[in-house]
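One structure below.
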Amino acid sequence: MNKKYMLIIALAGIILLSGCASTAKTIPTATPTPSSTANPASLMCDSSQLSIQLGAQDAAMGSRGVTGMSFVNTSAKSCTLEGYPNLQMFDSTGKALPTHVIHFGSFAAPNAPAGLVTLAPGAKASFDLFYAAQTGYGNAYCPTSSKVAFTPPGSKIALTLDWKIQPYGGGSIQKLRCGEIKVSPLYVP
(Lines give C-alpha, C1' and ligand atoms only; values in the text may rest on other atoms or scores of the structure.)
Protein backbone atom coordinates (compact mmCIF):
# COMPACT_ATOMS: atom_id res chain seq x y z
CA MET A 1 0.00 0.00 0.00
CA ASN A 2 0.97 3.47 -0.71
CA LYS A 3 2.16 5.64 2.24
CA LYS A 4 -0.08 8.42 1.12
CA TYR A 5 -3.10 6.12 1.11
CA MET A 6 -2.23 4.81 4.62
CA LEU A 7 -1.85 8.35 5.89
CA ILE A 8 -5.31 9.27 4.52
CA ILE A 9 -6.86 6.19 6.20
CA ALA A 10 -5.11 7.02 9.50
CA LEU A 11 -6.28 10.65 9.37
CA ALA A 12 -9.82 9.55 8.47
CA GLY A 13 -9.76 7.19 11.46
CA ILE A 14 -8.55 9.94 13.79
CA ILE A 15 -11.21 12.34 12.50
CA LEU A 16 -13.85 9.65 12.83
CA LEU A 17 -12.75 8.78 16.37
CA SER A 18 -12.54 12.40 17.44
CA GLY A 19 -16.01 12.98 16.00
CA CYS A 20 -17.31 10.06 18.01
CA ALA A 21 -15.59 11.33 21.10
CA SER A 22 -17.12 14.77 20.77
CA THR A 23 -20.50 13.25 20.02
CA ALA A 24 -20.18 11.10 23.11
CA LYS A 25 -19.57 14.22 25.16
CA THR A 26 -22.71 15.90 23.90
CA ILE A 27 -25.08 13.01 24.49
CA PRO A 28 -27.49 14.21 27.16
CA THR A 29 -27.44 12.39 30.42
CA ALA A 30 -30.58 11.34 32.22
CA THR A 31 -31.99 14.07 34.46
CA PRO A 32 -32.59 12.84 37.99
CA THR A 33 -36.21 12.80 39.04
CA PRO A 34 -36.86 15.41 41.74
CA SER A 35 -37.55 13.96 45.15
CA SER A 36 -41.11 14.22 46.36
CA THR A 37 -40.62 16.82 49.10
CA ALA A 38 -43.52 18.95 50.29
CA ASN A 39 -43.89 22.46 48.98
CA PRO A 40 -43.00 24.88 51.85
CA ALA A 41 -46.25 26.77 51.24
CA SER A 42 -48.17 23.57 51.97
CA LEU A 43 -46.54 23.40 55.41
CA MET A 44 -47.88 26.81 56.50
CA CYS A 45 -50.23 26.61 59.48
CA ASP A 46 -53.86 27.16 58.63
CA SER A 47 -56.14 28.82 61.18
CA SER A 48 -58.08 25.54 61.46
CA GLN A 49 -54.90 23.98 62.94
CA LEU A 50 -54.44 26.68 65.59
CA SER A 51 -55.90 28.18 68.74
CA ILE A 52 -55.01 31.53 70.34
CA GLN A 53 -53.94 32.04 73.97
CA LEU A 54 -53.70 35.29 75.89
CA GLY A 55 -50.26 36.02 77.33
CA ALA A 56 -49.12 37.61 80.58
CA GLN A 57 -50.32 41.22 80.91
CA ASP A 58 -48.42 43.99 82.65
CA ALA A 59 -49.04 47.72 83.07
CA ALA A 60 -46.76 50.68 83.74
CA MET A 61 -47.04 54.46 83.30
CA GLY A 62 -50.18 54.40 81.13
CA SER A 63 -48.99 51.54 78.91
CA ARG A 64 -49.82 47.86 78.67
CA GLY A 65 -47.55 45.05 77.62
CA VAL A 66 -48.55 41.48 76.89
CA THR A 67 -45.83 38.86 76.59
CA GLY A 68 -46.30 35.36 75.30
CA MET A 69 -49.48 35.69 73.26
CA SER A 70 -49.49 32.34 71.47
CA PHE A 71 -50.80 30.44 68.49
CA VAL A 72 -50.97 26.77 69.55
CA ASN A 73 -50.85 23.94 66.99
CA THR A 74 -53.95 21.88 67.85
CA SER A 75 -53.57 19.55 64.84
CA ALA A 76 -51.78 16.21 64.53
CA LYS A 77 -49.31 17.56 61.94
CA SER A 78 -46.36 19.95 62.16
CA CYS A 79 -46.74 23.27 60.37
CA THR A 80 -44.90 26.58 60.08
CA LEU A 81 -45.55 30.26 60.66
CA GLU A 82 -43.42 33.23 59.71
CA GLY A 83 -43.81 36.94 60.29
CA TYR A 84 -46.24 39.05 62.25
CA PRO A 85 -49.85 38.31 63.21
CA ASN A 86 -52.52 40.82 62.25
CA LEU A 87 -55.12 42.16 64.72
CA GLN A 88 -58.59 43.65 64.46
CA MET A 89 -60.59 44.96 67.42
CA PHE A 90 -64.42 44.71 67.57
CA ASP A 91 -67.00 46.36 69.81
CA SER A 92 -69.83 44.53 71.62
CA THR A 93 -72.07 44.68 68.52
CA GLY A 94 -69.39 43.10 66.29
CA LYS A 95 -68.51 46.37 64.56
CA ALA A 96 -64.83 46.73 63.61
CA LEU A 97 -62.99 49.38 65.63
CA PRO A 98 -59.98 51.33 64.33
CA THR A 99 -56.96 49.05 64.68
CA HIS A 100 -53.47 50.07 63.57
CA VAL A 101 -50.80 47.37 63.85
CA ILE A 102 -47.18 48.54 64.10
CA HIS A 103 -44.38 45.97 63.90
CA PHE A 104 -41.76 46.04 66.65
CA GLY A 105 -39.30 43.61 68.23
CA SER A 106 -40.35 41.30 71.04
CA PHE A 107 -39.56 42.20 74.64
CA ALA A 108 -37.18 39.24 74.87
CA ALA A 109 -35.40 39.98 71.56
CA PRO A 110 -36.12 43.56 70.45
CA ASN A 111 -33.97 43.42 67.31
CA ALA A 112 -34.73 39.86 66.20
CA PRO A 113 -36.02 39.62 62.62
CA ALA A 114 -39.16 37.67 61.77
CA GLY A 115 -38.07 34.07 61.23
CA LEU A 116 -39.68 30.76 60.36
CA VAL A 117 -41.21 28.98 63.36
CA THR A 118 -42.01 25.27 63.06
CA LEU A 119 -44.81 24.06 65.31
CA ALA A 120 -44.99 20.39 66.22
CA PRO A 121 -48.41 19.22 67.40
CA GLY A 122 -49.14 20.99 70.71
CA ALA A 123 -46.28 23.52 70.28
CA LYS A 124 -46.62 27.32 70.52
CA ALA A 125 -45.48 30.28 68.43
CA SER A 126 -45.53 33.37 70.64
CA PHE A 127 -45.60 37.12 70.06
CA ASP A 128 -45.73 40.23 72.24
CA LEU A 129 -48.01 43.27 72.21
CA PHE A 130 -47.54 46.79 73.52
CA TYR A 131 -49.97 49.73 73.53
CA ALA A 132 -50.66 53.01 75.32
CA ALA A 133 -53.72 52.73 77.56
CA GLN A 134 -54.10 56.48 78.22
CA THR A 135 -53.80 59.62 76.16
CA GLY A 136 -53.00 62.11 78.88
CA TYR A 137 -55.11 64.63 76.92
CA GLY A 138 -58.03 65.32 79.25
CA ASN A 139 -61.37 64.14 77.86
CA ALA A 140 -60.00 62.50 74.70
CA TYR A 141 -60.71 58.79 74.66
CA CYS A 142 -60.69 55.81 72.35
CA PRO A 143 -63.26 53.00 72.16
CA THR A 144 -62.83 49.81 74.17
CA SER A 145 -62.91 46.47 72.37
CA SER A 146 -65.04 43.52 73.40
CA LYS A 147 -63.22 41.07 71.15
CA VAL A 148 -59.91 41.01 69.34
CA ALA A 149 -59.34 38.89 66.25
CA PHE A 150 -55.80 37.55 65.59
CA THR A 151 -54.96 36.40 62.08
CA PRO A 152 -51.87 34.19 61.76
CA PRO A 153 -49.37 35.21 59.05
CA GLY A 154 -50.29 33.64 55.71
CA SER A 155 -53.89 32.97 56.73
CA LYS A 156 -57.12 34.80 55.98
CA ILE A 157 -59.17 33.43 58.87
CA ALA A 158 -58.86 35.04 62.30
CA LEU A 159 -58.99 33.47 65.74
CA THR A 160 -60.96 35.58 68.22
CA LEU A 161 -60.55 36.24 71.95
CA ASP A 162 -62.99 38.03 74.26
CA TRP A 163 -60.67 40.82 75.36
CA LYS A 164 -61.31 44.39 76.51
CA ILE A 165 -58.51 46.75 75.53
CA GLN A 166 -58.44 50.48 74.83
CA PRO A 167 -55.25 51.30 72.89
CA TYR A 168 -54.21 54.86 72.08
CA GLY A 169 -51.62 56.29 69.74
CA GLY A 170 -50.47 59.60 68.31
CA GLY A 171 -48.24 62.28 69.73
CA SER A 172 -50.84 64.92 70.59
CA ILE A 173 -54.58 65.53 71.00
CA GLN A 174 -54.67 66.73 67.39
CA LYS A 175 -52.97 63.56 66.21
CA LEU A 176 -54.85 61.10 68.43
CA ARG A 177 -54.83 57.69 66.76
CA CYS A 178 -57.13 55.15 68.40
CA GLY A 179 -56.32 51.45 68.16
CA GLU A 180 -52.54 51.67 67.77
CA ILE A 181 -50.96 48.37 68.87
CA LYS A 182 -47.34 47.32 68.53
CA VAL A 183 -46.92 43.64 67.62
CA SER A 184 -43.71 41.59 67.61
CA PRO A 185 -42.81 38.86 65.12
CA LEU A 186 -43.55 35.27 66.07
CA TYR A 187 -40.89 33.51 68.12
CA VAL A 188 -40.35 30.20 69.89
CA PRO A 189 -41.08 30.67 73.62
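The values are calculated or read from the model by the stated rules, or taken from the named source; none is laboratory data. On a predicted model such as this, the values are computed, not experimentally measured, just so you know. A quick note on method: Cβ atoms are made from the backbone with ideal geometry, for glycine too, and the neighbour counts reach across all protein chains shown. Accessible surface areas use protein heavy atoms only, side chains included; no ligands, DNA or RNA. Shrake-Rupley method; radii C 1.70, N 1.55, O 1.52, S 1.80 Å.
Brief remarks follow.
- A simple rule links phi to the HN-Hα coupling: the Karplus curve 6.51 cos²θ - 1.76 cosθ + 1.60 with θ = phi - 60°, which for the stretch 168-182 gives 10, x, x, x, 7, 4, 6, 10, 4, 10, 6, x, 7, 10, 8 Hz, with x for Gly and Pro.
- J(HN,Hα) series, the stretch 71-85, from Karplus relation 6.51 cos²θ - 1.76 cosθ + 1.60, nearest Hz, glycine and proline x: 8, 10, 6, 9, 8, 8, 10, 6, 8, 10, 9, 8, x, 10, x
- Here the stretch 118-189 is assigned +1 on the Cβ of each Lys and Arg and -1 on the Cβ of each Asp and Glu. Its dipole about the Cα centre then comes out at about 100 debye.
- Amide proton proximity set for Ile165, modelled H, under 5 Å, gap of 5+: Ser145
- Note on exposure: Asp46, Asp91, Asp162 ranked by accessible area (1.4 Å probe, complete protein assembly) read Asp162, Asp46, Asp91, with the most exposed listed first.
- Separation in nanometres of the label points that stand 7 Å from Cα toward Cβ, at Ala123 and Ala59: 3.6
- Sequentially through the stretch 153-161, phi angles give Karplus couplings (6.51, -1.76, 1.60; θ = phi - 60°) of x, x, 10, 10, 10, 8, 10, 10, 10 Hz, Gly and Pro residues having no value and appearing as x.
- Of all aspartates and glutamates in the structure, the ones whose alpha carbon falls short of 14 Å from that of Lys182, not counting any fewer than 8 places away in one chain, are Asp128.
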